[in-house]
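Reviewing the structure listed below.
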Amino acid sequence: MDDLATLVGLFLTSLLAATVFPAQSEILLGALHMSETHTKAVLVAVATAGNVLGSVVNWLLGRYLIHFQDRRWFPVKRSLIDRATAWYQRWGFWSLLLAWAPFIGDPLTLVAGILRENIWVFLALVTIGKAVRYVAVVMAV
């Protein structure tokens, strides 16, 4: 049961890290990898699944809730949305491979929803980018 709780914690931390809430899933992933209680594949799969689901939350915010962007409680500032929109319009859907990147990744996934990017294209590219990042983390530790 303790192993399951650890993996659920990694999943939730990874999910939160992909949203506007501050969380460092790489630190937890690295620590769990060093503890050698789980295989690299399991850790990467769980972290990737949580992080991709967090990006889907951002896509949904962009797709369905963007009309609330001027409200105080809206989680992403207009300046970040504008910067991510410019980046997305320049590089297109391929920019979603950078959904893992600090500062620009979360707004990119929001903008993908605003611009109504196909969810399947979104999922494929975001999953590839985030999985590669997590593989790099466990290989570096």
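Readers should treat all values here as calculations from the given coordinates under stated rules, not as data from a laboratory. Since this is a predicted model, take the numbers as computed values, not measurements. Note that each Cβ is placed from the backbone with ideal geometry, even for glycine, and that neighbours are counted across all protein chains shown.
Report the net charge of residues surrounding LEU16, where surrounding means a beta-carbon distance below 15 angstrom and charges are Lys +1, Arg +1, Asp -1, Glu -1.
Values: positive: LYS130; negative: GLU26, ASP106.
It works out to a net charge of -1.
For P(r) over Cα pairs in 5 Å bins from 0, in percent, one of (1) 2, 11, 21, 22, 17, 12, 8, 5, 2, 0; (2) 2, 10, 17, 17, 14, 13, 11, 9, 5, 2, 0; (3) 2, 9, 20, 24, 21, 14, 7, 2, 0 was computed from the structure I shared and the rest are decoys. Which label? Computed from the coordinates, P(r) over Cα pairs in 5 Å bins from 0, in percent corresponds to (1). Screening the chain for whole DSSP H helices of 24 Å or more along their axis (Cα) with average Kyte-Doolittle hydropathy at least -1.0 returns 40-64, 119-140.
Going from the fewest other Cβ atoms within 10 Å to the most, the residues ILE104, ILE66 appear in the order ILE66, ILE104. Local charge sum around ASP70 (other residues, Cβ-Cβ under 12 Å, Lys/Arg +1, Asp/Glu -1)? Combined, the nearby Lys, Arg, Asp and Glu give +4. Each helix, a run of at least 4 DSSP H residues, gives -39500 (n - 2.57); summed and divided by the residues of the chain, these come to -23000 deg cm²/dmol at 222 nm.
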